[in-house]
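Taking it in order: structure first as structure tokens, then the write-up.
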Amino acid sequence: MVILLVEDEKKLADFVKTALEHEHYSVELAFDGDEALKKLAIYDYDLVILDVMLPKKDGFQVCKEIRDMGLKVPVLMLTARDQPADKVAGLNVGADDYVVKPFELNELFARIRALTRRGNDLKPNRLAVGDLVLDTASHEVTRGGKPIDLTSKEYRILEYLMRNEGTVCSRTMINEHIWGFNYVKSNIIDVYMSRLRSKVDQGQTSAADSHSPRGRLQD
Ligand code: CA
């Protein structure tokens, strides 16, 4: 899942980004309203976390323009505690929910989980390909009931591949979903893919391999 976090306070943005990545989300940052809208016009995001007080265009204006563009992406507003009117204003311009600053990370995570579940019936909590099962709520991965220990990036790659089972995922697509739009060398992606394959296939007989997720790659 790729989240666009729009927050001009750089320290807070970096802190939240790191916390979200720890929870297996990919995060892109935008530091003002214009930059956010430019990114939203080009890229697909699964969620937007949008601060109200932003340079250039404030969060309300950005949210209104997101909806005017016809984008249905869930929007979570970050509102100030001393501005109760912000909550109503945010919902009026098409935001889906809000969190009051300063917020607890656990509250933020809970809101994100609720919004991404609500917004996307096509994204069930439990993904299964053959005997390989990935639980997006607990982040547990098992094959034939046996747990597989994955790093955060490996988990995100596997989740992405399982959500797109049956389609060809290019290195560019994997790059954008896992590393955001900071392009990494394609051989780095290959290294992750091969580590992931060996972990997923460890202890499997060749007959069972026919069920392994084919992270079909093309350039
Ligand atoms: Ca701000």
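The values are calculated or read from the model by the stated rules, or taken from the named source; none is laboratory data. On a predicted model such as this, the values are computed, not experimentally measured, just so you know. Neighbour counts are summed over all protein chains in view; Cβ atoms, including those assigned to glycine, are modelled from backbone coordinates with ideal geometry.
Some observations on this one:
- Only one of VAL73, VAL52 that is more than 30 Å from MET173 (Cα to Cα), in contact with a Leu (Cβ under 7 Å, 6 or more places away or on another chain) and touching a residue at least 24 places away in the same chain (Cβ under 8 Å): VAL52
- Among the residues of segment 112-152, those that are assigned to a helix (DSSP H, G or I) and modelled with pLDDT under 80 comprise ARG117, ARG118, GLY119.
- Check on VAL62, within 30 Å of THR151 (Cα to Cα), β-branched (Val, Ile, Thr) and either away from the ligand (no atom under 11 Å from the Cβ) or in contact with a strand residue (DSSP E or B) (Cβ under 7 Å, 6 or more places away or on another chain) (or both): no
- Residue match in segment 83-90 (condition: charged (D, E, K, R), farther than 19 Å from HIS177 by Cβ, within 15 Å of the ligand (Cβ to nearest atom) and in contact (Cβ under 8 Å) with a residue 24 or more places away in the chain): yes
- ASP97 vs. criteria under 21 Å from the mean Cα position of the chain (by Cα), at pLDDT below 90, among the acidic types (Asp, Glu) and within 30 Å of CYS63 (Cβ to Cβ): no
- Subset of segment 1-19 [away from the ligand (no atom under 16 Å from the Cβ) and touching a residue at least 60 places away in the same chain (Cβ under 8 Å)]: MET1, VAL2, ILE3, ALA19
- Filtered by the rule that a residue be under 22 Å from the mean Cα position of the chain (by Cα), at pLDDT 90 or above and not aliphatic (A, V, I, L, M), segment 176-194 gives ASP190, TYR192.
- Among residues of segment 42-59, those that are in contact with a strand residue (DSSP E or B) (Cβ under 8 Å, 6 or more places away or on another chain), within 16 Å of the ligand (Cβ to nearest atom) and not β-branched (Val, Ile, Thr), counted: 5
- Selection within segment 49-72 - aliphatic (A, V, I, L, M), buried (at least 18 other Cβ atoms within 10 Å of the Cβ) and closer than 15 Å to LEU115 by Cβ: ILE49, LEU50, ILE66
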